[in-house]
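What follows is a single structure, written as structure tokens, with notes after it.
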Number of protein chains: 2
Amino acid sequence: MTATRSVLATQATDFPRWFQDVIAKAELADNGPVRGTMVIRPYGYGIWERLQAALDERIKAAGAANAYFPLLIPESYLRREAEHVEGFSPELAVVTHAGGKQLEEPAVVRPTSETVIGEYMAKWIQSYRDLPLLLNQWANAVRWELRPRLFLRTTEFLWQEGHTAHATAEDARAFATRILHDVYRDVMVNVLAIPVLPGRKTRRERFAGAINTMTLEAMTGDGKALQMGTSHELGQNFARAFDIGFLSSDGQRELAWTTSWGSTTRLVGGMIMVHGDDAGLRVPPVVAPTQVVVLAVRDETVSAARRIADELTASGLRVEVDDRTDQPFGRRAVNWELKGVPVRIELGPRDLDGNVATVARRLRGSGKETVSLPDLTSTMVAAMQADQAQLLADATARQIARTTAVSTVDEALEVATTGWASLPYDVVGEDGEDRLATAGITVRCLQRPDGTLPTEDDERGLTAFVARSY
Amino acid sequence: MTATRSVLATQATDFPRWFQDVIAKAELADNGPVRGTMVIRPYGYGIWERLQAALDERIKAAGAANAYFPLLIPESYLRREAEHVEGFSPELAVVTHAGGKQLEEPAVVRPTSETVIGEYMAKWIQSYRDLPLLLNQWANAVRWELRPRLFLRTTEFLWQEGHTAHATAEDARAFATRILHDVYRDVMVNVLAIPVLPGRKTRRERFAGAINTMTLEAMTGDGKALQMGTSHELGQNFARAFDIGFLSSDGQRELAWTTSWGSTTRLVGGMIMVHGDDAGLRVPPVVAPTQVVVLAVRDETVSAARRIADELTASGLRVEVDDRTDQPFGRRAVNWELKGVPVRIELGPRDLDGNVATVARRLRGSGKETVSLPDLTSTMVAAMQADQAQLLADATARQIARTTAVSTVDEALEVATTGWASLPYDVVGEDGEDRLATAGITVRCLQRPDGTLPTEDDERGLTAFVARSY
């Protein structure tokens, strides 16, 4: 493990630095040439692609269809909803010149698409028969970030943004809640192996223009919080601003109720921060671009390594062969640990003589086991399931261990230096949020005492979860 | 068919107008709010998604990995390759302000990513062991279009752009050629049912900065040409501009050879223009979001329609139920014809009494057949295969019938008013290209007499295909 320590900062000494180091060394991403932008390298993109597929499948199962709206939005659109313009103005990138000329009206690079989608919803929706209108788009978005951080907060990010219109407030709320649970929570828990805390944002933490923002918060390795996905009830705010109306079944013209919901490349950052350790990434098998690497220790085991890889691939595993026998064995092994590949199979001449392979599992530290070749496939398939479950169990145990119930804002300030605090929101209030904010601490979300989601009207008797965040 | 004629221009009277009408009426896309941009509606996006999946699978099979590079590129990058800057300068959209301030260096919205990817290739490639580097990205790009047209030439378009670096010119050429044949041509022929003519562009039609541009050209319903995908050998032009070098196996520093290749949402436009007829779209079953619609004629057949749809879905077909029994039957039928759904199953009370369904196939005009319910699934599965094959056969027959071999530029000018002309490039030359250009006609591509692709050095003895184009 010595070699590993030399390339990464340790989590305990400098977690943000460790995060930056592991992204570079595992070849997940690089900084882009324009400040705050990101180049996602194939290994990082391979993880994102699998997340995309998992999200997309569930979004479609919820009934939404994919569409695509333009990147460039007339500046005037952003101004139509008062809170929205206030929330986004400082973050906009603006195209003022195009085709060799100054534009008559500047176009903003979309920071999010509520406004342009609102314009088209108004056009497409005539009657209650056209509702609900359930749209999703996979796209890039740009928000000029003052303190960019790879994957977590980049000037340009990739995401899906869902936008829906409904006939009633109840339908809108039910759909926004369904997305939070059936799409986001399901992917985070069952694909990314990340336990998440669902809740409602406080007024000050709401999305610009929303009447209610629901969130899922994950605990990072250093006990902070990371917002993993949000689903917003927009009430009739955007319907009013863009005139999204419909004829009801009794012939009355009414305004629609809209929602929006998004999840981004930040999820990859969450995966790194929740599961990684001092040796590097630990990638959940379900999203791992490479689940098993077969490392030929010497030239004479390369062909056997390839044969074994083919067998494992045939059983549905994602397998890579490392045949770089001209490079030091230790460096290659450490590199696969850094990349967080769940299993490394080492194949030396003595292994082959014994009809066995040496198996190193990323979650088991430096211990290795010997597996007979006929058992290798079944052992690997079982390892994938076990590791996926163990990552979720480990992260859940940490979240429980580092969440402390307290009863005052002072105690919350203390606890939130190393973990999460929970306390009655009635003793926090908006004044308490101001006090917490001065220490860089926020209310991550509010829950009812039974753990369910409050509506935007619930104000009393809620539990607040309080933490520092990325 | 009377109802249909009233909503669409006919192809014979005004093909471009027909194209615009069918896009609107079939709900494929709308114009965006910023001039030249496009909103892709769910039906249009559903076709694009299937094309994406087909391309992505083949791109990965060719060995390339997906990655993502930033949307915003420092203006100075574009200037580094002389022909590239000249080719793209008039089309750039420029971000001058962001985060509430004027930027020190303006950033262009990528018109294509050769420059920024070149910068990172230079960083990532050290030795011959790092080659070939085979990257692809799915992204949007912006080129300010003077004469925008939905799907064909939009200010913002969606595409994949592949970028590769190789140790030798031969490797680069072989890979660029492989992409043209194994990825693009295969998808166009076997997924989109569109026959394409492969060839090399003339010098004047080359991509800005390329030493050779290979293309696939399709014939539209009105006998024009549409460029469907291109693959470029960039020689060492970008390697020189961005210093993409490597240490060869004998320790010499050499410049890499790069390629790029792209296919865009224009492919959806090609599908419309090649297969559509006066009644609307005809969507190839392989990419059809809906392959079969089960139309309940009356309320009392809705539940049977749903049951039949479930059975067809279980056999792997993509099926929709039309239960809008409160709307006129004729309008619903015409609407599904407009959308080009391959098969419409009509279910009325008398059909159910006879244990049959009435089947209307989009490729067979107004004739309908009666199919017994037990035979319905197998009939539908066979219809999908037959229709996919027939669309390709029809388009191939047209391309052959409307391509005429001529021997002079004058004859080519005449023929190209209604179809394609082929003639020896030796009798055209750059002077002939100038003459053709004055009549809005271009050399679409050059082939060797045996139909194979010329290299960039082949100049004599080539066949030129000459046409008007979209």
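The values are calculated or read from the model by the stated rules, or taken from the named source; none is laboratory data. What you see is a predicted model; the values in this text were computed from it and never measured. FYI the Cβ positions are ideal-geometry reconstructions off the backbone, even for glycines, and counts take in every protein chain you see. Keep in mind that these areas ignore ligands, DNA and RNA; they rest on the heavy atoms of the full protein, side chains included. Shrake-Rupley method; radii C 1.70, N 1.55, O 1.52, S 1.80 Å.
Values for this structure:
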item	result
Qualifying residues in the stretch A:107-147 (those that are assigned to a loop (DSSP other than H, G, I, E, B) and among the hydrophobic types (A, V, I, L, M, F, W, C)) - the one nearest to the other protein chains (Cβ to nearest Cβ)	A:144
Inter-residue pairs, beta-carbon under 6 Å, first hydroxyl-bearing (Ser, Thr, Tyr) and in the stretch A:127-138, second in a strand (DSSP E or B), 6+ apart	A:127/A:246; A:127/A:247; A:128/A:246
For residue A:83: the one exception among (1) acidic (Asp, Glu); (2) within 14 Å of another protein chain (Cβ to nearest Cβ); (3) over 30 Å from residue B:123 (Cβ atoms)	(2)
Hits in the stretch B:19-47 - residues which are at the interface with chain A (Cβ under 8 Å from one of its Cβ atoms) and not in a helix (DSSP H, G or I)	B:30, B:32, B:33, B:34, B:37, B:38, B:39, B:40, B:41
Matching residues, the stretch B:168-199, being under 13 Å from the mean Cα position of the chain (by Cα) and without any contact (Cβ under 8 Å) to a residue 60 or more places away in the chain	B:185, B:196
Hits in the stretch B:170-203 - residues which are open to solvent by 30 Å² or more (accessible area, probe 1.4 Å) and either farther than 24 Å from residue B:130 by Cα or not β-branched (Val, Ile, Thr) (or both)	B:170, B:171, B:173, B:174, B:178, B:181, B:182, B:185, B:186, B:189, B:190, B:203
Test set (1) surrounded by fewer than 22 Cβ atoms within 10 Å (Cβ to Cβ); (2) facing chain A (nearest Cβ under 8 Å) - residue B:58 fails condition number	(2)
Every residue from the stretch A:61-72 that is surrounded by 24 or more Cβ atoms within 10 Å (Cβ to Cβ) and more than 7 Å from chain B (Cβ to nearest Cβ)	A:64
The lone exception for residue A:104 - which of (1) more than 19 Å from the chain's Cα centre (by Cα); (2) outside any helix (DSSP H, G or I); (3) in contact (Cβ under 8 Å) with a residue 24 or more places away in the chain; (4) surrounded by fewer than 20 Cβ atoms within 10 Å (Cβ to Cβ) it fails	(3)
Counted residues, the stretch A:374-420 - those being of a type in the set (A, V, I, L, M) and within 30 Å of residue A:465 (Cα to Cα)	15
Residue within the stretch B:114-133 that is under 26 Å from residue B:465 (Cα atoms) and open to solvent by 30 Å² or more (accessible area, probe 1.4 Å) present	no
Leading residue by the ranking (least open to solvent (accessible area, probe 1.4 Å)) among those in the stretch A:86-101 that are within 10 Å of chain B (Cβ to nearest Cβ) and touching a Pro at 6+ places or on another chain (Cβ under 7 Å)	A:95
The stretch A:372-414, residues that are without any contact (Cβ under 8 Å) to a residue 40 or more places away in the chain and among the β-branched types (Val, Ile, Thr)	A:379, A:400, A:404, A:406, A:408, A:409
Selection within the stretch A:73-85 - of a type in the set (A, V, I, L, M) and either open to solvent by less than 40 Å² (accessible area, probe 1.4 Å) or not assigned by TED's automatic domain parsing to the domain that holds residue A:144 (or both)	A:73, A:78, A:85
Single condition residue A:417 does not satisfy, out of (1) under 24 Å from residue A:195 (Cα atoms); (2) in a helix (DSSP H, G or I)	(2)
Filter result for residue B:50 (of a type outside the set (Asp, Glu), more than 9 Å from every other protein chain (Cβ to nearest Cβ), part of a helix (DSSP H, G or I) and open to solvent by 60 Å² or more (accessible area, probe 1.4 Å))	yes
Which listed residue is assigned to a loop (DSSP other than H, G, I, E, B) and surrounded by 13 or more Cβ atoms within 10 Å (Cβ to Cβ), from A:450, A:394, A:458	A:458
Members of the stretch B:148-160 found to be within 14 Å of chain A (Cβ to nearest Cβ) and open to solvent by less than 30 Å² (accessible area, probe 1.4 Å), listed by number	B:150, B:151, B:154, B:155, B:156, B:157, B:158, B:159, B:160
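Yes/no per residue for (1) over 25 Å from residue A:316 (Cα atoms); (2) within 22 Å of the chain's Cα centre (by Cα):
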site	(1), (2)
A:334	yes, no
A:370	no, no
A:373	no, no
A:388	no, yes
A:391	no, yes
A:409	yes, no
